[in-house]
Structure formats: C-alpha cells, structure tokens
1. What do you reckon, is A58 part of a loop (DSSP other than H, G, I, E, B), out of contact with any helix residue (DSSP H, G or I) (no Cβ under 7 Å at 6 or more places or on another chain) and within 18 Å of K2 (Cβ to Cβ)?
2. Name the residues in region 6-50 that are modelled with pLDDT of 95 or more and small (G, A, S), would you?
3. Quick one: is L46 in contact with an Asp or Glu (Cβ under 9 Å, 6 or more places away or on another chain) and part of a helix (DSSP H, G or I)?
4. Tell me the residue from P23, P52 that is of a type outside the set (A, V, I, L, M) and in contact (Cβ under 8 Å) with a residue 24 or more places away in the chain, please.
5. Restricting to region 10-26, and then to whatever is out of contact with any Phe, Trp or Tyr (no Cβ under 7 Å at 6 or more places or on another chain) and under 23 Å from Q59 (Cβ atoms), can you tell me which residue is surrounded by the fewest Cβ atoms within 10 Å (Cβ to Cβ)?
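The values are calculated or read from the model by the stated rules, or taken from the named source; none is laboratory data. Please read these numbers as outputs of a predicted model, since none were measured by experiment. Cβ atoms come from the backbone with ideal geometry, glycine included; neighbour counts cover every protein chain shown.
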Amino acid sequence: MKTLGFTYWQDAGAWIGYLDEFPDYLTQGNSLEDLKSHLVDLYQDLSSGVIPNVRKHAQLEVA
C-alpha cells in the first residue's frame with residue numbers, strides 16, 4: 001500500500017483538498033472520509049494517464 005500526502009480544509013460545510021504531489025487538482029467531499037475517497041479516485045486517474053498533461057510537484061536537491 002502506498003501512502004500519499006494531502007492538504008485539506010473545510011469551507012462552508014464542504015471538505016476540499018488536493019494531493020501534495022498534484023497540487024493543481026482539487027477535489028471535495030461531504031466529510032473528511034468522503035474527501036479521502038475522492039482523493040483516491042483522483043490519484044488513480046492522475047497516475048494512470050486518463051488525464052493528459054498532468055502537472056506534478058517534486059523535490060529538488062541542490063548543493
């Protein structure tokens with residue numbers, strides 16, 4: 001099982017969030033558990049190639 005970081009917040013009753021690796025792609029849910037479910041679905045779409053030209057976030061090590 002893979003672990004993914006995500007960022008989330010609650011706004012006017014909706015739970016909004018994104019995967020830290022893919023910050024340009026927001027999703028929302030009716031509860032935190034619902035949001036997590038949507039994030040899993042989003043990850044599957046983003047990592048499988050269903051969504052073209054996906055922007056990613058990464059870390060760069062410099063000296």
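1. Yes: the conditions hold for A58.
2. Residues satisfying the conditions are A14, G17, G29, S31, S37.
3. yes
4. One residue alone meets the criteria, P23.
5. Across region 10-26, the extreme among qualifying residues is D24.
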